[in-house]
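Working notes, beginning with the structure itself.
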Amino acid sequence: MIPNVILFARDYQAILFPKLLSDKYKSIFVTLTVSEKKLIQQAGHEVAACFEEDFNTLSCDNLPSSYLITSFVTDRFFGRFSPEIRRMILAREIAFWQNIMDKYKPVAVINEIIAIEIAEVMYIEAMKRGIKYFAWLMSPFDNRNFYWLDIPYHAQLNDKVFNNEPDNDSLKFAQSYYDKINTSENVKPFYASNLKSRYNIMSPIKWGMIYIIKTLRSVLFPAKIPYLKSYYFDKTDLLIKISGYFNSLIYSYDKVPANSEIVFYPLHYEPEASILYMSEFNEDQIGLIRNLAKCLKNNQVLVVKEHPQQPGMLLSKRFRELRKSLSNIAYLPSEFSTKKIIQLSELVITQTSTAGWESLILGKPVVVMGKVFYDKHPQVNIFSDFSWLKQIIHSQEYLYPEKEKTLQLIAQLWHYSREGNPYPHAGLYNDMNINKIRCAIEEKLMEECSTD
């Protein structure tokens, strides 16, 4: 009998998931919004359930006093609502997934890393029933683009991934990858490649038009369920992009400090799961930067560089005010070479940034504050608290990564990673990429569910 697999088709996945049909599993499509449901139906498939459509019929009874693994605060869309409304929404999310899982009895559910509350509820209800949750996350490799997570609300991997001795092919790849990072001028992840100039006048015009159109649409055609309207139009990201453009025309950055030791902190994209879920207690980057600055020696400067996809963020008012109040921080633009600033740094401190991964390969000591795949490096410095951080900075007692340990970690992660790129990019929907993702799912089902 072909097993049922739930595919929670949210956003771009409403187009991707219908393309992943297989004779090894039966796809049960579930959507968050009615618009996502329509996309799947237009592709010729049935939708088992739609949260927006079912919202008013779902029960609000029997909500546990303690339920979420994270918290109410973690979901970025619902923060403006009262505790009573939050509890009502959560209760309906629970009832939604309970109904689906009890009806279809899937062996697995598939989604990306948890980024919103309803996905966390799906995970919790799946675990209660012994249903596997297959979540993918982008790897640092071009030829093996993703890996499966053990726990889908952070990027930390199980020790078993790094317990096996890597084979010769993996070690050979690790050496070539290590050499590439060390010799190339500036290796970028795919999402940071071919970005348009921050001064491209067409960008703010496009963002402004999108903002106006979506705002008018929300006024003329208000959401039937007002609590869910942010899923259709989250204005935060658009406003950040627009303000970043104009701030870039008005304000300036700092130069790389010439007469001070550099401690490097790469700014994380916000709001995003990389800090909301993967580094839950450090999402306030203003407060975090202030505390990091307090940990430095008097001959050190904390250099903060923007995320490549959010140029102008450090020129926003809240970051400008922070810079005015601290004498030992400096801001660099998103375009500045990450590799160059790593090479100039004495220490790199990060939550979950790929800059931490690159720093380990470049032989720099790294302090990790979040839960990320490279925190299994035996010589990475795992953040404890700010008193601990201040002590190791002043005494220089932090660990330095050894090349052989780094090569082994690269080889083990590459061996564990899979082919195919399930994230938005130019080749997402081409046949070769779709086949690779499908094969990875089939392989995972065989490994995890064949004996259940």
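Report the calculated FRET efficiency for residue 38 and residue 73 (r = Cβ-Cβ distance, R0 = 41 Å), to the nearest 0.05.
E(calc), rounded to 0.05, equals 0.80.
Using a ≥ b ≥ c from the Cα gyration tensor of segment 74-159 (square roots of the eigenvalues), is it rounded, prolate or oblate, where a/c under 1.5 gives rounded and otherwise the larger of a/b and b/c decides, a/b for prolate?
Verdict is oblate for segment 74-159.
Classify segment 141-187: rounded, prolate or oblate, from the alpha-carbon gyration tensor (a ≥ b ≥ c, eigenvalue square roots; a/c under 1.5 rounded; otherwise prolate if a/b is larger than b/c)?
oblate
Counting just the Cα atoms, what span does segment 268-348 cover along each of its three principal axes? Round to the nearest Å and put the largest first.
Principal extents (Cα only, largest first): 34, 25, 24 Å.
Can you report the principal axis dimensions of the chain using only the alpha carbons, biggest first, rounded to whole angstrom?
So the three principal-axis extents are 65, 56, 45 Å.
How would you rank 183-189, 45-51, 380-386, highest first, on the average number of other Cβ atoms within 10 Å across their residues?
45-51, 380-386, 183-189
Positive end of the charge dipole of the chain (Lys, Arg +1 and Asp, Glu -1 on Cβ, about the Cα centre): tell me which of 311, 279, 400 has its Cα farthest that way.
Projecting each Cα onto the dipole axis, the largest value belongs to 311.
Suppose a student asked you for the relative contact order of segment 1-143, using Cα pairs under 8 Å spaced at least 6 residues apart; what percent would you report?
24
Over the chain, what is the relative contact order in percent, taking alpha-carbon pairs closer than 8 angstrom and at least six residues apart?
Relative contact order here is 16 percent.
If packing is taken as the average count of other Cβ atoms within 10 Å, what order do 172-180, 95-103 fall into, highest mean first?
95-103, 172-180
Apply the membrane-span-like helix rule to the chain: whole DSSP H runs, Cα extent along the own long axis of at least 24 Å, mean Kyte-Doolittle hydropathy at least 0.5. List the helices found.
TM-like helix candidates: 202-220.
Among 28, 345, 101, whose Cα lies farthest out toward the positive end of the dipole of the chain, if unit charges sit on the beta carbon of Lys, Arg (+1) and Asp, Glu (-1)?
The listed residue farthest towards the positive side: 345.
Which FRET efficiency, nearest 0.05, do residue 403 and residue 235 yield, Cβ-Cβ r, R0 56 Å?
For R0 = 56 Å, the calculated efficiency reads 0.75.
Quick one: Kirkwood hydrodynamic radius for segment 202-248, alpha-carbon pairs, angstrom, one decimal?
For segment 202-248, the Kirkwood estimate is 11.4 Å.
Could you work out the local net charge near residue 198, counting Lys and Arg as +1, Asp and Glu as -1, over the other residues with Cβ closer than 15 Å to its Cβ?
Here the charged neighbours net out to +2.
Tell me which of 199, 329, 387 sits at the most positive position along the dipole axis of the chain, charges placed on C-beta atoms (Lys, Arg +1; Asp, Glu -1).
199
How big is the shadow of the Cα convex hull of segment 251-413, averaged over all directions, in nm²?
9.0
For a protection proxy built on the mean count of beta-carbon atoms within 10 angstrom, sort 123-130, 211-218 highest first, please.
Taking the mean over residues of other Cβ atoms within 10 Å, the ranking is 123-130, 211-218.
So what's the back-of-envelope 222 nm ellipticity for the chain, counting only DSSP H runs of four-plus at -39500 (n - 2.57) apiece and dividing by all residues, rounded to 500?
Helices in the chain give a 222 nm mean residue ellipticity of -12500 deg cm²/dmol.
Quick one: what are the phi-derived ³J(HN,Hα) couplings along segment 52-60, Karplus 6.51/-1.76/1.60 with θ = phi - 60°, whole Hz, x for glycine and proline?
4, 5, 8, 3, 6, 9, 7, 6, 10
If neighbour count is taken as other Cβ atoms inside 10 Å, put 136, 207 in order from fewest to most.
207, 136
Read-outs throughout are calculated quantities, based only on the coordinates presented, and are distinct from any laboratory measurement. Please read all numbers here as calculations on a predicted model, not as lab measurements. Here the Cβ is made from the backbone with ideal geometry for all residues, glycine too, and neighbour counts use every protein chain on show.
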